[in-house]
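Colleague: Take this structure first; my questions come after.
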Amino acid sequence: MRLQTKAAFVASLNRGRHQNIQRDPSSIQSRTFSRLTQLSGKTQEQDWFADGREAARRLKLELGIIPPESDASAIGTADNGIVDASKTMNDSMLESGRAAARALLLGLDGESEEGKRQDDEADESPSEDVTATDHFKLPSKKSHCMTICMVPPPSAKVAWKQLSDARRECRDPGFHRWPPHANMLYPFLEPIYDSGGESGGLISGETMAEKREAFIRDVVDFISKATQRCAPFEVTIDTFGTFGGKHRGVLWAYPRSSTTFLDSSNDEEPLIRLQTLLEEKFPMCNDTRKAGGKFNPHITLSHYVNVTDALAAKHEVEAKWTPVSFNLQEIYLLERRGDEGQFKILATIPLGSENDAVIHNPPVPFPDMPRAEEDWVHEERMKLKNRRRNGMKRRRRK
């Protein structure tokens, strides 16, 4: 049964927590309760509840329930910015708590289990940048204006046409902004400029453009260290899926991949393995696998009011679709500039060790991308933005 309010949810926990645990000994709550009963002493209990509060805070940030500014109040960080080691959270406990809480909240919102897949093409505006960090000798932050992704190469004309035709027919709100793609690290890093600060200041006559170019070169070099361990592979698109719930739906195509990696001992699909290699180089950019701990590559075809509409569109696409394959020899670092901008190629990074990466300055569009946003695309994008605003309001009321 769906719980309508936070108060009702808390009350139900207080009334039947022990009974529910006893009825279902295999549940997450039961396992957690059993673990708690084995703990002794006040310190362990306090640490466990501190972990829970921090997991809840991070989840609220992720779901937009509290503004990013609230991140400054993170447990374990003092006003002077120094982390108190005695309050540092256990990562495995935080992740398990976050995953359980996310599953619960998605259930309260009518979300299906498949809806745990991350909706990585949310309305990405520059204001959504998160988690500042120092990287590559220049302060940086995660930004929804940057991504490392798989895109069918421009030479794969049949794949581009079929995917573009399906997205147009399904009225994809991202038709102008995004090429057909599967994000691997998103949001990704962009530099922070501080002309007056010590770490980000301009030195030795450097211009901001020169500092940016140096940052991009370092980033591309790190990406290349991952892609060099992956041989080119085949991608086939012949399977479709949906996720969502009562208040949103997403239709996606699965990019099934196959090949022999240079590390032949690993039997994962190469695209999944490649994402793992990339995340090893950029561990702060783990958002594409955060929902459930596993990377699920998908090419979004369109967004819908609910999952029922997405399922109806899935059946229509499947009835017309012809399986299509292409050889993937490179991935891309993409960037968009401005809220109305289109993602363009900032760098082309080859797979394997045969060729060098190419940085494009200025970024270049994919040849088959539309040069302007058509009226219907803008209309659908505004509808999607409004639905997301309404979704945030619903979550805040609970």
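The values are calculated or read from the model by the stated rules, or taken from the named source; none is laboratory data. Keep in mind that this is a model prediction, so the values were computed, not measured. As a convention, Cβ positions derive from the backbone with ideal geometry for all residues, glycine included, and neighbour counts pool all protein chains shown. What goes into the accessible areas is simple: the full protein's heavy atoms, side chains included, and nothing from ligands, DNA or RNA. Shrake-Rupley method; radii C 1.70, N 1.55, O 1.52, S 1.80 Å.
Colleague: Quick one: length gained pulling Ser258 to Glu373 fully straight, 0.36 nm per residue minus the C-alpha distance? Walk me through the intermediate numbers first.
Modeller: Details: separation 115, 0.36 × 115 = 41.40 nm, distance 3.49 nm.
Result: 37.9 nm gained on full extension.
Colleague: Turning to a different aspect of this structure: Of Met146, Met208, which has the most accessible area and how do the rest follow, probe 1.4 Å? Mind showing how you got there, number by number?
Modeller: On the way: Met146 0, Met208 90 Å².
Most to least solvent-accessible, the answer reads Met208, Met146.
Colleague: Any chance you could run the full-extension gain for Lys383 through Arg229? It's 0.36 nm times the residue separation minus the Cα-Cα distance, nm to one decimal.
Modeller: 51.2 nm
Colleague: Across the stretch 169-181, in residue order, what do the Karplus-derived ³J(HN,Hα) couplings come to in whole Hz, using 6.51 cos²θ - 1.76 cosθ + 1.60 with θ = phi - 60° and x for Gly and Pro?
Modeller: So the Karplus estimates, Gly and Pro as x, are 5, 8, 6, 5, x, x, 4, 8, 6, 10, x, x, 7 Hz.
Colleague: Here's something else I'd like to know. Which distance in nm do the two modelled labels at Arg395 and Ile272 give, with both placed 7 Å along the Cα-to-Cβ direction?
Modeller: 2.7
Colleague: Any idea how far apart Arg171 and Thr236 come out in nm if each label point goes 7 Å out from Cα toward Cβ?
Modeller: Result: 3.4 nm between the two label points.
Colleague: Leaving out ligands, DNA and RNA but keeping every protein chain, what accessible area does Ser155 have, in Å² rounded to the nearest 10, with a 1.4 Å probe?
Modeller: Roll a 1.4 Å probe over it and Ser155 shows about 100 Å².
Colleague: List the residues whose amide H sits under 5 Å from the amide H of Thr239, counting only those 5 or more places along or on another chain, with H placed 1.01 Å from N in the peptide plane.
Modeller: HN-HN under 5 Å from Thr239: Tyr254.
Colleague: Full-extension gain between Ala209 and Ser325, please, as 0.36 nm times their residue separation minus the C-alpha to C-alpha distance.
Modeller: 37.8 nm
Colleague: Ranked highest first by average number of other Cβ atoms within 10 Å, how do 240-250, 225-235 line up?
Modeller: 240-250, 225-235
Colleague: Go through the stretch 300-312 residue by residue and turn each phi into a ³J(HN,Hα) via Karplus (6.51, -1.76, 1.60, θ = phi - 60°); whole Hz please, and just put x for glycine and proline.
Modeller: So the Karplus estimates, Gly and Pro as x, are 5, 9, 5, 10, 9, 5, 8, 5, 4, 5, 5, 5, 4 Hz.
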